[in-house]
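**Student:** Have a look at this one before I ask anything.
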Amino acid sequence: MLIGTLEAVRCYPIKSLRGDALDSVKVEVSGIPGDRSGALFALQGAREGKTYRGKEHDRLHLLRDPAAAQACAKERGVAVEVRQGEHFFDAAPISILVDAWLRELDAYVGYDVEWERFRPNFFVRNGASSEPAPLEQTLVGELLQVGTVQLRVRSPIERCVTVNYHPLGESADPRILRFLAGERNAWMGIYCDVLEAGIARVGDPLTLF
């Protein structure tokens, strides 16, 4: 079954900071090389020793430079350091968002919600020629393929306040999380494990098999 076409690929070198757009990407069993390979950790306060993220600072997603992020945190009285590791994922190596899952949300808020708010690795366009995309919860345990990459769906992604933040820094919209919490169990997108490494390119189909 064709779910849609890969329209965008993103890698996020530092967790919670701005991502890089890619035309193609090598996907390993552990995920995309360099994706969330660094993270900010608080050195003091309530989150000492824990990650400092969008939940704690609503402007981090606008920054790409870790030094700028540290300065930004310092302005709010929080000292942070950048730690490097293999990956700092929330749950699984790959995240996917399909545009069809946004349509009810779009109707609720009255505009096309920017997919970048959800920070997926793969953004997929369902398109008028495709069958309707299955909902996230119905895909759990299913196998997907994009390019030469094979994936198994682990779970829907439960969202937090960061989806309210505009990707270009305009006013936040609290209706987004309110709708997701009330109508979709706070879910938007899916987490996937990588079963077979390979290459995914913009324009590749995402299929369910």
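The values are calculated or read from the model by the stated rules, or taken from the named source; none is laboratory data. Computed from a prediction, not measured in an experiment: that's the story for all the values here. Virtual Cβ from ideal backbone geometry, glycine too; neighbours counted across all protein chains shown. Ligands, DNA and RNA are stripped out before the accessible areas are found, and what is left, the full protein with its side chains, is counted by its heavy atoms. Shrake-Rupley method; radii C 1.70, N 1.55, O 1.52, S 1.80 Å.
**Student:** Please label the shape of the chain as rounded, prolate or oblate, based on the square roots a ≥ b ≥ c of the eigenvalues of the alpha-carbon gyration tensor (a/c under 1.5 means rounded; beyond that, a/b larger than b/c means prolate, else oblate). Please report the intermediate quantities before stating the final value.
**Tutor:** Values: a/c = 2.00, a/b = 1.36, b/c = 1.46.
Oblate is the answer for the chain, as a/c is 1.5 or above yet b/c matches or exceeds a/b.
**Student:** Evaluate the relative contact order of the stretch 1-99 (contact order divided by residue number), counting alpha-carbon pairs under 8 angstrom at least 6 apart; express in whole percent.
**Tutor:** Working: 149 pairs, mean separation 29.0, N = 99.
The normalised contact order for the stretch 1-99 reaches 29 percent.
**Student:** Taking the full set of protein chains and a 1.4 angstrom probe, give the accessible area of residue 140 in square angstrom, rounded to the nearest 10.
**Tutor:** Taking all protein chains as shown, residue 140 has close to 70 Å².
**Student:** Separate question: What net charge do the residues around residue 143 carry, taking every other residue with its C-beta under 14 Å from that of residue 143, with Lys and Arg at +1 and Asp and Glu at -1?
**Tutor:** -1
**Student:** Which listed residue (71, 94, 32) has the Cα farthest towards the positive end of the charge dipole for the chain, taking +1 on Lys and Arg C-beta and -1 on Asp and Glu C-beta about the Cα centre?
**Tutor:** Of the listed residues, the answer is 71.
**Student:** For the chain, what does -39500 (n - 2.57) per DSSP helix run (n ≥ 4), summed and divided by total residues, give at 222 nm, in deg cm²/dmol to the nearest 500? Please report the intermediate quantities before stating the final value.
**Tutor:** Values: 3 runs with 26 residues, N = 209.
Result for the chain, helices only: -3500 deg cm²/dmol.
**Student:** Run the numbers on the stretch 11-68 and let me know its relative contact order in percent, using alpha-carbon pairs under 8 Å that are six or more apart. Present the calculation step by step, with values, prior to reporting the outcome.
**Tutor:** Values: 75 pairs, mean separation 22.3, N = 58.
Reported relative contact order: 38 percent.
**Student:** Also, quick follow-up: On alpha-carbon atoms, Rg over Rh for the stretch 1-76 using Kirkwood Rh?
**Tutor:** 1.07
**Student:** Report the accessible area of residue 112, computed with a 1.4 Å probe over the heavy atoms of all protein chains in place, in Å² rounded to the nearest 10.
**Tutor:** That residue has around 120 Å² of solvent-accessible surface.
**Student:** In whole percent, what relative contact order does the chain give with Cα contacts below 8 Å and a gap of six or more residues? Mind dumping the intermediate values first?
**Tutor:** Numbers: 485 pairs, mean separation 63.4, N = 209.
The normalised contact order for the chain reaches 30 percent.
**Student:** Who wins for biggest fluctuation among 17, 97, 168 in a Gaussian network model of the chain, springs between alpha carbons below 10 Å?
**Tutor:** Highest fluctuation among the options: 168.
**Student:** Who wins for biggest fluctuation among 123, 179, 88 in a Gaussian network model of the chain, springs between alpha carbons below 10 Å?
**Tutor:** Residue with maximal mean-square fluctuation among 123, 179, 88: 179.
**Student:** Let me make sure I get this right: for the stretch 151-195, a, b and c are the square roots of the gyration tensor eigenvalues over alpha carbons, sorted descending. Under 1.5 in a/c it's rounded, otherwise prolate if a/b > b/c, else oblate. Which is it?
**Tutor:** Oblate.
**Student:** Excluding ligands, DNA and RNA, what is the solvent-accessible area per residue of the chain at a probe of 1.4 Å, expressed in Å²?
**Tutor:** Details: 9760 Å² over 209 residues.
On a per-residue basis, 47 Å².
**Student:** Here is a further query. What's the carbon and sulfur percent of the chain's accessible surface, probe 1.4 angstrom, rounded to a whole number?
**Tutor:** Carbon and sulfur: 49 percent of the exposed surface of the chain.
**Student:** Report, in cubic angstrom per residue, the convex hull volume of the C-alpha atoms of the stretch 105-154.
**Tutor:** Working: hull volume 5.9 nm³, N = 50.
Measuring per residue, one finds 118 Å³ for the Cα hull of the stretch 105-154.
**Student:** Nothing charged except the Cβ atoms of Lys and Arg (+1) and of Asp and Glu (-1): what's the magnitude of the dipole of the stretch 137-209 about its Cα centre? Round to the nearest 20 debye.
**Tutor:** On the way: 7 positive and 8 negative charges, 26 e Å.
The calculated dipole for the stretch 137-209 is roughly 120 debye.
**Student:** Same structure, new question: Can you tell me the orientation of helix 66-75 relative to the chain, as the angle in degrees between its alpha-carbon axis and the longest Cα principal axis, to the nearest 10?
**Tutor:** Tilt of helix 66-75: around 50 degrees.
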